[in-house]
1. To two decimal places, what compactness ratio does the chain give when its Cα radius of gyration is scaled by 2.2 N^0.38 Å?
2. Pull out a ≥ b ≥ c, the square roots of the eigenvalues of the alpha-carbon gyration tensor of region 154-211, then state rounded if a/c is under 1.5, prolate if not and a/b is larger than b/c, and oblate in the remaining case.
3. Taking amide hydrogens as modeled 1.01 Å from N in the peptide plane, which residues meet the under 5 Å criterion relative to residue 183, leaving out close sequence neighbours?
4. Quick check: the angle from helix 191-209's long axis to the longest principal axis of the chain, C-alpha only, nearest 10 degrees?
5. Given 188, 198, 61, which one lies farthest toward the positive end of the charge dipole of the chain, if we put +1 on the Cβ of every Lys and Arg and -1 on the Cβ of every Asp and Glu?
6. Compute the length gained on full extension between residue 29 and residue 87: take 0.36 nm times their separation in residues and subtract their Cα-Cα distance, giving the result in nm to one decimal.
7. Can you give the angle from 0 to 90° between the axis of helix 161-177 and the longest principal axis of the chain, with both taken from C-alpha atoms, to the nearest 10?
8. Nearest 10 degrees is fine. How inclined is helix 139-149 to the longest principal axis of the chain, computing both from alpha carbons?
Amino acid sequence: MTRGLFVTFEGGDGVGKTTQISLLRATLESAGVGVTVTREPGGTPLGNEIRELVLHSRDHISPRAEALLYAADRAHNVATIVRPALERGEVVLQDRYLDSSVAYQGAGRVLGAEDIKRISLWAADDLVPDLTVLLDLDEVAAAARLTAQDKPFDRFESEKAEFHSRVRKAFLDIAAAEPARFLVLDASEPPEALAHTIATRVSDMLANLNT
Ligand code: TYD
């Protein structure tokens, strides 16, 4: 049985998830809330090895193998980091989770949303987030932010614009299908305004959890 709150952050590359996670972490910690921050891929040492493979392998990775590598990373991160933290009653803030697989492998790689969701849920032993923050940004603005970061592109960042359009649309479709789980925000808004909206929602959820 879980007692904490599981919050995931989703969106395309370059939308500002990392910034929002840091801001929310600081807000929650200053209010005395226990927080665990993790990410996929790469929330664990094993996950970091998988991250290196899926993001930087020089060899071609077949799409189904790619989906299973993400699922393996997810299984290990959920079992060893996320569930234990939730059982301690903490708030878990996670950079990407199963919706990324549905968007990138299901839509981006065209493997199909249903199969990818099934694999992900099996890997995660059916752990679904309490809240998913989707930072939505149009592909052109997201690409400009990535270029401005001035670091080498990984296997996904160097994908074509159509790939990123499919990914963005898939995220929006998932959010529309599960409105209660999602907080969809326009990532072009100032970071402080986004942070305020997210913190308000999470505080409300924490208040309900404790009543
Ligand atoms: P991320 O850590 O957000 O990249 P960065 O550190 O460069 O901001 O994510 C790495 C990439 O992995 C990202 O392009 C999306 C992709 N990804 C998938 O394709 N499927 C998945 O299930 C996950 C979790 C990530």
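Computed from the coordinates by the stated procedures, all read-outs in this text should not be read as laboratory data. All values reported here derive from a predicted model rather than from experimental measurement. Quick reminder, even Gly has a Cβ in these numbers, built from the backbone with ideal geometry, and neighbours come from all protein chains shown.
1. Values: Rg = 16.4 Å, N = 211, 2.2 N^0.38 = 16.8 Å.
It is 0.97.
2. Working: a/c = 2.90, a/b = 1.88, b/c = 1.54.
Since a/c reaches 1.5 and a/b is larger than b/c, the shape of region 154-211 is classed as prolate.
3. 132, 133, 134
4. Here the helix axis deviates by roughly 50 degrees.
5. 61
6. 19.1 nm
7. Result, in degrees: 30.
8. Approximately 90 degrees, to the nearest 10.
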